[in-house]
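Taking it in order: structure first as structure tokens, then the write-up.
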Amino acid sequence: MNTRKTIFKVCRLALAVALAIGATVGLSACKSDEQEIRASVETMLNAFKNPTKENLSPYMSEADKDSAAQEQLKESGIDFYEFLAHALKHFDYKINEVKVEGNTATVKLDITNTNIRNAMAAARSDVSNMNDEESMQLYQNGDTNALIKKLMESLYKHLDESTDLVTTSVELKMNKENGTWTTDEGSLNEFVGAVYGVGALFGSDTSAYM
């Protein structure tokens with residue numbers, strides 16, 4: 001499997017989870033719109049700050065849990081939650097402003113995390129610079145996922161030890177429908193990109209980031 005596409009699949013699953021979380025909190029009669037929006041966004045951000053299976057599973061539909069992408073990741077020896085634990089180890093956030101205008105709202109955030117693009121480049125460099133003996137050991141058993149396993153081990157190490165932290169200012173757009181505030185999918189694209197320190201994650205130039 002192409003390693004770039006593999007990591008991209010993991011990131012797309014993270015976006016799906018973010019969408020699910022962002023759509024789960026309804027409007028409470030005892031809270032103002034601003035309070036409810038802040039609570040909804042904090043629920044989503046705190047789940048990313050501690051991305052365990054226990055915290056994220058409630059927000060994933062059965063289809064997401066058993067998706068072809070997840071199965072493909074498993075076949076490659078990549079655990080979705082393990083990936084997030086490393087990728088979001090240094091994740092932090094600050095809610096700067098919540099502005100409500102009728103049935104729309106904007107949440108201004110500062111998102112801080114490791115630059116996964118740079119960590120991935122360092123991991124690929126590690127694999128490329130293996131000596132002949134290491135390369136032979138990697139391929140001698142014919143395991144087609146051996147390279148990915150080696151790459152992920154290196155990636156996790158670089159993510160855990162990274163001091164290359166990026167802070168990105170983003171805006172989450174919220175829409176109110178039938179008394180419920182939900183997060184706009186387009187702005188979540190930018191948010192998840194900021195989480196990984198690479199800007200908008202799913203634009204036409206995504207391949208350049210991975």
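Below is a table of values for the structure above.
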quantity: Residue match in the range 174-184 (condition: within 15 Å of the chain's Cα centre (by Cα) and under 17 Å from ASN103 (Cβ atoms)); calculated: no
quantity: Boolean, GLU161 is closer than 25 Å to SER187 by Cα, at pLDDT 90 or above and open to solvent by 20 Å² or more (accessible area, probe 1.4 Å); calculated: no
quantity: Residue within the range 182-203 that is open to solvent by 30 Å² or more (accessible area, probe 1.4 Å), outside any helix (DSSP H, G or I) and modelled with pLDDT of 75 or more present; calculated: yes
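The values are calculated or read from the model by the stated rules, or taken from the named source; none is laboratory data. Nothing here was measured: the structure is a model prediction, and the numbers come from that model. FYI the Cβ positions are ideal-geometry reconstructions off the backbone, even for glycines, and counts take in every protein chain you see. Note: areas computed on protein heavy atoms with side chains; ligands, DNA, RNA excluded. Shrake-Rupley method; radii C 1.70, N 1.55, O 1.52, S 1.80 Å.
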